[in-house]
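S.K.: What follows is a single structure, and I will ask about it in a moment.
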Amino acid sequence: MKIGNVKIDGYLFLAPMADVTNPAFRTLCKKHGAAMTYSEMISADAVLHGNIRTASRGLSSEKEKPFAIQIFGNSADTIGIAASMIEEKYSPDIIDLNFGCPANVLVKDGSGSALLDFPERIREIVSAVYGKTEAPVTAKIRVLHDMKKTLDIARTIEEAGASAITVHGRTQAQQYAGKAEHEYARNIKKELSIPVIANGDIVDGLSAKQVLEHTGCDALMIGRAAMGDPHVFTKIAHFLRTGEQLPTDECTQRLADLKEYLRLLELYGLEEHVDIRMHARWFTRGIKGGRHVRQGISGTREKRSIIQLMESMCEQLSDKATNNDFHGN
């Protein structure tokens with residue numbers, strides 16, 4: 001598929017997530033089959049004020065191209081200037097605009113999903129960025145309770161110059177609770193001529209297949225399901241291709257990915273910007289014995305100790321599986 005002039009080989013995208021999609025994590029997801037990765041959302045105001053930590057979020061490498069940087073703010077002028085500065089410094093393939101984040105800190109400032117109540121300001125922001133950058137402009141939205149108003153916003157975004165739109169099928173009030181309603185993405189896809197990307201509750205091969213078939217969208221965006229499990233892209237792609245679950249030693253795979261993630265954090269000089277204990281705990285989710293390991297991780301700051309805890313968990317699971325096989329025979 002293509003977004004503007006950017007060719008993308010695949011249709012599984014990694015969602016932009018605050019304090020998650022740093023360059024190390026994006027590189028790991030790309031390795032596992034993410035066709036497109038997005039930065040953590042970057043404040044347009046912070047860019048203009050030269051915030052150092054904000055600047056680090058735009059770092060990228062050739063390994064993860066094509067790559068998008070997501071910007072948020074509430075002023076068309078500010079976002080337009082910030083987008084131009086970001087393009088000059090980091091050369092992202094795509095610039096994405098955040099009209100969907102439901103976090104109170106953004107909503108109170110009139111940014112993120114708060115902008116859905118002001119369609120003309122959304123038009124101004126998209127137009128401002130479209131006029132100041134060479135990279136294609138895309139947008140990510142949440143939905144309103146009113147289908148017609150949501151469709152109007154999507155049309156406004158396309159008319160203002162956007163090359164693609166991502167639709168998260170939840171309202172601002174839902175945050176991340178309840179069920180994502182993909183009927184919105186389905187209707188938006190019917191209305192627009194630009195690519196439409198569906199987002200929300202895509203956690204495995206089956207859910208991915210159902211959303212693709214229901215919406216007819218051009219791509220899927222995967223968010224929280226990738227946290228601690230970047231291999232999810234490989235598993236989903238395999239299911240969509242074969243209709244079968246990929247046989248995987250889940251614990252061993254998570255351990256290998258955690259080791260690689262910690263290595264990449266060090267390589268990119270990001271260790272001081274990341275809560276390693278919190279991120280390491282994500283890699284234990286859904287694994288038997290994970291709760292005990294998470295408690296252990298909370299009590300240490302040493303990477304080697306974290307890895308040893310994971311190794312011990314995987315060894316115990318492997319021993320139990322071996323014993324079960326032995327007794328079963």
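S.K.: For the chain, max minus min Cα coordinate along each principal axis, in Å, sorted largest first?
M.R.: 66, 43, 35
S.K.: Same structure, new question: Compute the FRET efficiency between residue 263 and residue 2 as 1/(1 + (r/R0)^6), taking r as their Cβ-Cβ distance and R0 = 35 Å, and round to the nearest 0.05.
M.R.: For R0 = 35 Å, the calculated efficiency reads 0.55.
S.K.: Tell me, rounded to the nearest percent, the portion of alpha carbon pairs in region 250-328 spaced more than 22 Å apart.
M.R.: The answer is 26 percent, as a whole percent.
S.K.: Further question: Return the single residue from 235, 65, 179 with maximal mean-square fluctuation; model: Gaussian network over the chain, springs between Cα atoms under 10 Å.
M.R.: The residue with the greatest mean-square fluctuation here is 179.
S.K.: Longest segment of the chain with no GluC sites (Glu not before Pro) in a DSSP loop having at most 12 other Cβ atoms within 10 Å?
M.R.: On the way: sites that count: 134, 244, 302.
By the stated rule (loop sites, at most 12 other Cβ atoms within 10 Å), 1-133.
S.K.: Treat the count of other C-beta atoms within 10 Å as a stand-in for reagent exposure and order 313, 36, 278 from fewest to most.
M.R.: 278, 313, 36
S.K.: Provide the gained length on full extension for the span residue 315 to residue 9, in nm with one decimal, where the gain is 0.36 nm per separating residue minus the Cα-Cα distance.
M.R.: 106.4 nm
S.K.: Here's something else I'd like to know. What residue among 319, 19, 93 has the largest mean-square fluctuation in a Gaussian network model of the chain, using Cα springs under 10 Å?
M.R.: 319
S.K.: Find the relative contact order for region 250-328 and round it to a whole percent, using C-alpha pairs within less than 8 Å whose residues are 6+ positions apart.
M.R.: Taking the mean separation of contacting Cα pairs over the length of region 250-328, I get 32 percent.
S.K.: Okay, next question. Can you work out the PRE-style zone for residue 288? Point 7 Å along Cα to Cβ, and I want the residues of region 215-249 with backbone N under 14 Å.
M.R.: 249
S.K.: Going down the list 2/30; 209/259; 31/235; 65/235; 132/190, which pairs span over 23 Å between their C-alpha atoms? If you can, show how the numbers build up before the last one.
M.R.: Numbers: 2/30 18 Å; 209/259 30 Å; 31/235 13 Å; 65/235 21 Å; 132/190 29 Å.
Over 23 Å Cα-Cα: 209/259; 132/190.
S.K.: By how many nm would the segment from residue 295 to residue 104 lengthen if fully extended, with 0.36 nm per residue of separation less the alpha-carbon distance?
M.R.: 65.8 nm
S.K.: Could you tell me which trypsin sites (Lys or Arg not before Pro) in region 274-314 are loop residues by DSSP with no more than 10 other beta carbons within 10 angstrom of their beta carbon? List each step's numbers first, then the result.
M.R.: Values: sites: 277, 281, 285, 288, 291, 294, 301, 303, 304; in loops: 285, 288, 301.
Passing sites in region 274-314 are 301.
S.K.: Would you work out the charge dipole size for the chain about its Cα centre, treating the Cβ of every Lys and Arg as +1 and the Cβ of every Asp and Glu as -1, and quote it to the nearest 20 debye? Each step should come with its number before you reach the end.
M.R.: Values: 41 positive and 42 negative charges, 95 e Å.
Dipole magnitude for the chain comes out near 460 debye.
S.K.: Here is a follow-up. Applying 1/(1 + (r/R0)^6) with R0 = 35 Å to the Cβ-Cβ distance of residue 272 and residue 190, what FRET efficiency is obtained, to the nearest 0.05?
M.R.: The pair residue 272/residue 190 has a calculated efficiency of 0.15.
S.K.: What length, rounded to one decimal in nm, is gained on full extension from residue 77 through to residue 203, with 0.36 nm per residue of separation minus their alpha-carbon distance?
M.R.: Working: separation 126, 0.36 × 126 = 45.36 nm, distance 3.71 nm.
Roughly 41.6 nm would be gained on extension.
S.K.: Under the rule of -39500 (n - 2.57) per DSSP H run of 4 or more residues, summed and divided by the residues of the chain, what mean residue ellipticity at 222 nm is obtained, to the nearest 500 deg cm²/dmol?
M.R.: So the calculated ellipticity at 222 nm is -14500 deg cm²/dmol.
Read the figures in this text as sums done on the coordinates, not as results from a lab. Everything quoted here is computed from the prediction, not taken from an experiment. Cβ coordinates were reconstructed from backbone atoms using ideal geometry, including for glycine residues, and neighbour counts include every protein chain displayed.
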